[in-house]
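One structure below.
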Amino acid sequence: MDYLTGFLTMVESYEEIAALRMRKVKKSILERREFMQGLNEAFAYISYAYRIYRESLKGKAKERIINTNGKTVSILLSSNSGLYGDIIINTFELFREETSKIDTDIVIVGKLGKNMYENLSEKKNYRYFEMTDNVIDELSIKKLSDYILDYSNVIVYHGSFRSFISQVPTRTEVPVELRKIERSLESYDEKFLFEPSIEKIAEYFEKQIESLIFEQVVFESYLSKFASRMVSMDVASENISSKIRRVDIDMKKAKHKNINSAMHSAIFGGSLWK
């Protein structure tokens, strides 16, 4: 009983910590949303102006603003420890299934994902990045973001927050998100003057937006993990509480049995003396 009670206290503490971290991450996401919206709007204007500029070049038009290496990179956002329910395993399965079918470089974030990938019979060479689970690790996010900006196509596999009780594995293609922003001003018709040139400004903005989209995906992954841990700890807490109730009943039964046995011995012993 002492062991179960102590275990319950520990699990409830994990649940409360996960809830606090989840609320903090959610607040950060909401605070960034307005900033991202304004920046996306600015990028859409620049992208529109750049498209008009490309059309004026006729045969010299570029397909993309940003200069990249033409390769694809697939990134798995996992964790360093367990107790996150099944979201990490499900995300890894999605990552494993899709990366086995395409030509892509591999990046793995988190010790748990690294261990699972190492245990595969068939695997590719990969780059590993460390990132803490406890707080939003902005320095590590920046380091990883700088690394992937050279790639033409960035696919991120991560947990996605649907509700407090629903976390699903998701793939996010950063260039696709960029194109959605670019298409948001199809009918826009405003003229701008760009200095030093539209090419340099467009390339700079695309790198910044791509980096911010990736950071937002990482934030989403944090939110999903903390919510999943909170739910799994809540389930564990209920299971332990049920076990405590069963043990308590068994203890009471044993106590009553012991009392009955003592009373039986007393009554039986008294009848002999008579």
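The values are calculated or read from the model by the stated rules, or taken from the named source; none is laboratory data. Everything numeric in this text was worked out from a predicted model, so none of it was measured. Ideal geometry is used to build each Cβ from the backbone, glycine not excepted, and the neighbour counts take in all protein chains shown.
Does Ser121 fit the bill of being hydroxyl-bearing (Ser, Thr, Tyr) and under 20 Å from Lys207 (Cα atoms)?
Working: hydroxyl-bearing (Ser, Thr, Tyr): yes; under 20 Å from Lys207 (Cα atoms): no.
It is false that Ser121 is hydroxyl-bearing (Ser, Thr, Tyr) and under 20 Å from Lys207 (Cα atoms).
Residue-wise test of (1) within 24 Å of Asp150 (Cα to Cα); (2) assigned to a helix (DSSP H, G or I); (3) of a type outside the set (D, E, K, R).
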{"site": "Lys200", "(1), (2), (3)": "yes, yes, no"}
{"site": "Glu206", "(1), (2), (3)": "yes, yes, no"}
{"site": "Ile213", "(1), (2), (3)": "yes, yes, yes"}
{"site": "Ala227", "(1), (2), (3)": "no, yes, yes"}
{"site": "Ser232", "(1), (2), (3)": "no, yes, yes"}
{"site": "Ser237", "(1), (2), (3)": "no, yes, yes"}
{"site": "Arg245", "(1), (2), (3)": "no, yes, no"}
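Just to verify a result, which residue in the stretch 87-113, among those that are touching a residue at least 24 places away in the same chain (Cβ under 8 Å) and assigned to a loop (DSSP other than H, G, I, E, B), is surrounded by the fewest Cβ atoms within 10 Å (Cβ to Cβ)?
Asp103
For the stretch 173-200, how many residues meet the condition of being in contact with an Asp or Glu (Cβ under 8 Å, 6 or more places away or on another chain) and modelled with pLDDT of 80 or more?
1
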